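Here is the structure we will look at, set down as structure tokens.
The values are calculated or read from the model by the stated rules, or taken from the named source; none is laboratory data. Fair warning: this is a prediction, and the values are worked out from it, not measured in the lab. Note that each Cβ is placed from the backbone with ideal geometry, even for glycine, and that neighbours are counted across all protein chains shown. For accessibility, only protein heavy atoms count, side chains too; no ligands or nucleic acids. Shrake-Rupley method; radii C 1.70, N 1.55, O 1.52, S 1.80 Å.
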Amino acid sequence: MSSETFAPEADARLRAEAAEIISRYPEPRSALLPMLHLVQSEDGFVSPRGIALCADILGLTRAEVSAVATFYTQYKRHPNGDYTVGVCTNALCAVMGGDIIFERVSEHLGIGHDETTADGKITLEQVECNAACDYAPVVMVNWEFFDNQTPTSAIELVDQITAGEPVRPTRGADTVATFKEISHVLAGFEDGRANEGVGAGESTLLGLRIARENNWRAPQVRDDSQGHGQAAAGGPATTTPGVDLAGSTASGTVPVGEVQSSAERKPTTEADVSAETVDKDVKKEAQ
Ligand code: FES
């Protein structure tokens, strides 16, 4: 891994896969991001020889490749563990216990942020919001969700990983792939596990269900480019249709979770907004 170049077999394989990645883009250099994941799938980090390979294939300087690799935190500049355990310590998870989870796990493993255990199994990270706030506090293992964690459950999780036992995400995938395996997927090569499970869970869908039960609609948005003053003065008011949280349309109600075909969907233009609705808005503004 420390040698300057890849062995001939690995070099040939990586170049063939890089060619496949490049063929997906109009410009070869646009393929750099997935190619860096490809390098990580081989070396477990963006290695010097991986940087050299990308530069050679894409006609870039090593400095240019490094400049990109150092910009994104998903690209590792030193060997990563088999499993990245990311504890979300962004605002909501932090107040729900994310900070204390990170502290306890860090203490338990004897490593800090962006450090790897001596056995090479776990790299610990403090991560930013993973858009899973409804399951706070969240821990990610190689970007799979472990929801509603506690310090105890998170420590059990890392103990299982250390012991080489399989861990099962709360939702989505059935298992957690290794860092190298998931890097290969991020490089654009599917592993056939895309449909292992549904990503949305009960908490995510709860709001939509309540909106449907109550027939709630989002407030209509006034187009400021036409000026509030005009509307307040009784001038021509312009509105855009409100977003219907309950899924109802001019053609009827669509149960939340179901998708209308484009043929069924009525156009949602200003013409859909009734004169009565506009009139009410204008009166409200004038008060
Ligand atoms: S703050 Fe942790 S997932 Fe959003």
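Please go through segment 124-137 and pick out each residue that is open to solvent by less than 30 Å² (accessible area, probe 1.4 Å), more than 7 Å from the ligand (Cβ to nearest atom) and free of Cβ contacts under 8 Å to residues at least 60 places away in the same chain. If the condition is that a residue be open to solvent by less than 30 Å² (accessible area, probe 1.4 Å), more than 7 Å from the ligand (Cβ to nearest atom) and free of Cβ contacts under 8 Å to residues at least 60 places away in the same chain, then LEU124, GLU125, VAL127 are the ones that fit. Evaluate segment 191-198: report whether one residue or more is surrounded by 11 or more Cβ atoms within 10 Å (Cβ to Cβ) and in a helix (DSSP H, G or I). There is no residue in segment 191-198 that is surrounded by 11 or more Cβ atoms within 10 Å (Cβ to Cβ) and in a helix (DSSP H, G or I). When segment 102-123 is examined, which residues are found to be within 16 Å of the ligand (Cβ to nearest atom), buried (at least 17 other Cβ atoms within 10 Å of the Cβ) and within 21 Å of the chain's Cα centre (by Cα)? Correct list: PHE102 only. Name the residue that is nearest to the chain's Cα centre (by Cα), counting only residues in segment 66-97 that are more than 27 Å from TYR135 (Cα to Cα) and open to solvent by 20 Å² or more (accessible area, probe 1.4 Å). Out of the qualifying residues, it is PHE71.
From ALA173, ALA154, grab the single residue that is touching a strand residue (DSSP E or B) at 6+ places or on another chain (Cβ under 8 Å), open to solvent by less than 30 Å² (accessible area, probe 1.4 Å) and either over 26 Å from LEU38 (Cα atoms) or without any contact (Cβ under 8 Å) to a residue 12 or more places away in the chain (or both).
Details: ALA173 fails: either over 26 Å from LEU38 (Cα atoms) or without any contact (Cβ under 8 Å) to a residue 12 or more places away in the chain (or both).
Only one candidate passes the filter, namely ALA154.
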